[in-house]
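Peer 1: Sharing a structure below in structure tokens format, with a few things to ask.
The values are calculated or read from the model by the stated rules, or taken from the named source; none is laboratory data. Values in this document were obtained by computation on a predicted structure and should not be read as measured data. A quick note on method: Cβ atoms are made from the backbone with ideal geometry, for glycine too, and the neighbour counts reach across all protein chains shown. Heavy atoms of the whole protein, side chains included, go into the accessibility calculation; ligands, DNA and RNA do not. Shrake-Rupley method; radii C 1.70, N 1.55, O 1.52, S 1.80 Å.
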Amino acid sequence: MTDLARSPVIPPAPRDYNGVNWRGMYTLYAREVRRFWKVGMQTVAAPVVTTLLYMLIFVVAMRGASPPIHGTPYAQFVAPGLIMMAILNNSFANASSSLIQAKIMGLTPDFLTPPLAPIELLAGFGLGAATRGVFVGFVTAVAVTPFAHWNIAHLWAVVYFAVAAALILGLVGIIAGLWSEKFDHLAAVTNFIIMPMTFLSGTFYLVDRLPEPFRSASHFNPFFYLIDGFRYGFIGQADGSVGTGVAVTSGIVVVLTLVCWRLFTIGYRLKS
């Protein structure tokens, strides 16, 4: 027997990642971005067409029937709400659909096996969803500009509330994707939670014109602060307190981040 045959076979030592696995996290993020980019007609072009149809109905077809709001032409008032709606829906759809598809098709080992910590999984899925939301929002804004003819009053508000909305709905999408066991569950979240909160948040109207108790209840809707702050960035007028909106949305981002981190830590509906 040779010395080589008698010597034990020692497997290679696992790669040691000190700190953050930046390469793995970026790979997961890039995977999420490529997912929606490969089907751009569905994930980018379709939301833009939907927004243009809303503009056609509310601005062109109802021309003269919708008076200016606070001196702002209705087209300029409603356009930021439609852009924000595109950001919200697409951020949620990206994270939730990615996770539910991985679970149904048995592909969760693709991101559970690599040496990725829970916070790195969270960053990959969350930032990927936020990227889709912000990108679709930007393309939508360009598409509706000929109808709105706006000037940006406060650029910081536009950027902050767009990013905050994309992050919040991306994190909500992660929670929904982890919780859902089939597409029907995901559709229920979209139809009975996301869409009603979007339409009842002042997208097409001023909430102070609602009767009580709906007027007061709208201020407990986080989507109201996102849309109101985003619109403030364009027209310089807000229906509520912009400072309160910044505080509320920042707090929601922190809370949702902690919740998603915990769910990834325990492998909620991923390892069972």
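Peer 1: Please state which one of Leu256, Leu270 is more than 28 Å from Gly71 (Cα to Cα), in contact with a Ser or Thr (Cβ under 9 Å, 6 or more places away or on another chain) and surrounded by 12 or more Cβ atoms within 10 Å (Cβ to Cβ).
Peer 2: Criteria check complete, one pass: Leu270.
Peer 1: Residues of segment 123-155 being hydroxyl-bearing (Ser, Thr, Tyr) and within 21 Å of Leu256 (Cβ to Cβ), which ones?
Peer 2: Thr131
Peer 1: Out of Phe192, Phe204, report the one residue that is farther than 25 Å from Thr27 by Cβ, of a type in the set (Phe, Trp, Tyr) and open to solvent by less than 50 Å² (accessible area, probe 1.4 Å).
Peer 2: Phe204
Peer 1: Cβ-Cβ distance below 9 Å, separation of 6 or more or different chains: which pairs start in segment 21-36 with a residue that is assigned to a helix (DSSP H, G or I) and end on one that is charged (D, E, K, R) and modelled with pLDDT of 95 or more?
Peer 2: Trp22/Glu120; Gly24/Glu120; Met25/Glu120; Leu28/Glu120; Glu32/Arg132; Val33/Arg132; Arg35/Arg132; Phe36/Arg132
Peer 1: List the residue pairs whose Cβ atoms are under 6 Å apart, where the first residue sits in segment 160-188 and is under 20 Å from Lys271 (Cα atoms) and open to solvent by less than 40 Å² (accessible area, probe 1.4 Å), the second is among the polar types (S, T, N, Q) and in a helix (DSSP H, G or I), and the two are 6 or more positions apart or on different chains.
Peer 2: Final answer for the pair search is Gly173/Ser96; Ala176/Ser96; Gly177/Ser96; Leu186/Ser96.
Peer 1: Out of segment 129-156, which residues are hydrophobic (A, V, I, L, M, F, W, C) and buried (at least 16 other Cβ atoms within 10 Å of the Cβ)?
Peer 2: Ala129, Ala130, Val134, Phe135, Val136, Val139, Ala141, Ala143, Val144, Phe147, Ala148, Trp150
Conditions tested, residue by residue: (1) part of a helix (DSSP H, G or I); (2) modelled with pLDDT of 95 or more.
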position: Leu82; (1), (2): yes, no
position: Leu88; (1), (2): yes, yes
position: Ala95; (1), (2): yes, yes
position: Pro114; (1), (2): no, no
position: Ala123; (1), (2): yes, yes
position: Gly133; (1), (2): yes, yes
position: Val163; (1), (2): yes, yes
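Peer 1: Taking only pairs six or more apart or across chains, which ones have beta-carbon atoms under 6 Å, a first residue in segment 98-122 that is closer than 17 Å to Cys260 by Cα, and a second residue that is in a loop (DSSP other than H, G, I, E, B) and of a type in the set (A, V, I, L, M, F, W, C)?
Peer 2: Pairs that qualify, where the first residue is closer than 17 Å to Cys260 by Cα and the partner is in a loop (DSSP other than H, G, I, E, B) and of a type in the set (A, V, I, L, M, F, W, C), are Thr108/Leu270.
Peer 1: Which condition breaks for Met197 when tested against (1) part of a helix (DSSP H, G or I); (2) crowded, with 22+ Cβ neighbours inside 10 Å; (3) modelled with pLDDT under 95?
Peer 2: Of (1) part of a helix (DSSP H, G or I); (2) crowded, with 22+ Cβ neighbours inside 10 Å; (3) modelled with pLDDT under 95, only one is false for Met197: (2).
Peer 1: If you take the residues in segment 53-80 that are loosely packed, with under 12 Cβ neighbours inside 10 Å and not in a helix (DSSP H, G or I), which one is modelled with the lowest pLDDT?
Peer 2: Restricting attention to segment 53-80, the residues satisfying the condition of being loosely packed, with under 12 Cβ neighbours inside 10 Å are 53, 57, 60-65, 67-68, 70-71.
With not in a helix (DSSP H, G or I) added as a condition, the list becomes 62-65, 67-68, 70-71.
Values: Met62: 61, Arg63: 62, Gly64: 55, Ala65: 52, Pro67: 58, Pro68: 60, His70: 67, Gly71: 72.
My answer is Ala65.
Peer 1: While we're here: Among the listed residues Asp239, Asp228, Asp208, identify the single one that is touching a residue at least 12 places away in the same chain (Cβ under 8 Å), touching an Asp or Glu at 6+ places or on another chain (Cβ under 9 Å) and not in a helix (DSSP H, G or I).
Peer 2: Just a single option satisfies the conditions, and that option is Asp239.
Peer 1: Follow-up question, since we're still on this one. Glu181 - would you say it is under 30 Å from Ile104 (Cα atoms) and among the acidic types (Asp, Glu)? Outline the logic, then answer.
Peer 2: Numbers: under 30 Å from Ile104 (Cα atoms): yes; among the acidic types (Asp, Glu): yes.
So Glu181 passes the test.
Peer 1: A further question on this structure: What number of residues in segment 242-269 are small (Gly, Ala, Ser) and free of Cβ contacts under 8 Å to residues at least 24 places away in the same chain?
Peer 2: Residues that pass the stated criteria total 3.
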